[in-house]
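What follows is one structure encoded as structure tokens, with my remarks underneath.
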Amino acid sequence: METPSSNRATQDIRSDSKEWKLIEKTVSTLGVEQRRSRRWGIFFKLLTFAYLFLLLGVMASSFSSNVITAEQYTALVDVRGVIADQQDANADVIVSGLRAAFEAEGSKAVVLRINSPGGSPVQSGYVFDEVKRLRGLYPDKKLYAVITDLGASGAYYMAAAADEIYADKSSLVGSIGVTAAGFGFVDAMKELGVERRNYTSGDHKSFLDPFSEEDPEEVRFWSGVLQSTHQQFISKVKEGRGDRLVQDEKLFSGLIWNGEQALELGLIDGLGSTGYVAREVVGVEEIVDFTVQPDAFTQFTESLGVAAGNAIATAFGASNALQLR
């Protein structure tokens, strides 16, 4: 028969047992959390070290790419993307690369490698004029333009300044024209019951406003601006290409041709890549890149962004590049 004292002892033992279990559970949980915290700490440290090593790798490759070992070489300057101020393919960047390429004692010739849909006629004109100036300063160094995927509009404007132009048989070349596009929202505003209030000083200060009715006089004026700019473009192409151009009324119509067709029209001088031009035309296979590059940190961060974007696009099948299938 159990006595009251023995019952109390049993209860104390059970209570102590529960407390110990609670303590053991708390200690065990703390140990798990500490191990988990250590693992995350190690992970982030490794990630930081990997980031630093990659950054050092980019800086080292950038430095090594600027080390010139050959006594004579073909200098290369790239033009990629839309030609516009504040873009990678702006006149200041391109001209800086061209000046360095022409000034380099070891460069036998310069290749302007182009992959661009065009852009600002102002930026293209700057490059055209600078190429002519540099050719005058260095008459023994020729400049060859090589069009890869696309050399259209303002990009061809630049190429026309070269001594010779080369492209692939499937490259797209030409589009010698000027465009300015917009939208008209007048009818949509009427449907929505939106009233346009535009206060200006000057009869034509808001000409071609997309929220107002078109004024025929302003349309004629703007057409004249485009025609004048087009004539400037045509004049530069004729200046650069001379009698190599075939007399064809479609040549300056804004149409675009592949490399084989462009060769027949005199828009280019031959079919070939940058390597072909360096090896077979210039006679110096070694190529040294004089393209002005962003700093190493910018290159690294941009490459990370591009890699992530490409991975996502590939995963979702979102690539819209022109392909032969």
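Any read-out appearing in this document is the output of simple, stated calculations on the displayed coordinates, not a laboratory observation. All values reported here derive from a predicted model rather than from experimental measurement. Every residue, glycine as well, gets a Cβ built from its backbone with ideal geometry; the counts of neighbours run over all protein chains shown.
Can you tell me the length gained on complete extension of the stretch R244 to Q34, counting 0.36 nm per residue apart and subtracting the Cα distance?
67.9 nm
Could you please report the charge total around G272, scoring K, R as +1 and D, E as -1 over all other residues with beta-carbon less than 11 angstrom from its beta-carbon?
Charge balance near G272 sits at -2.
How far, in nm, would the chain grow between Q87 and D129 when pulled straight, counting 0.36 nm per residue and subtracting the alpha carbon separation?
Value of the extension gain: 13.2 nm.
Run the numbers for D215 and L22: contour at 0.36 nm per residue of separation, minus the present Cα-Cα distance, in nm.
61.0 nm
Students often forget the sequence filter, so: which aspartates and glutamates lie under 19 Å Cα-Cα from K238 once same-chain residues fewer than 8 apart are removed?
List returned: D129, E130, D163, E164, D248, E249, E264, D269.
Residues in segment 98-134 near a label at T179, defined as backbone nitrogen under 19 Å from the 7 Å Cα→Cβ point?
In segment 98-134, the label zone of T179 (backbone N under 19 Å from the point 7 Å along Cα→Cβ) covers 115-125.
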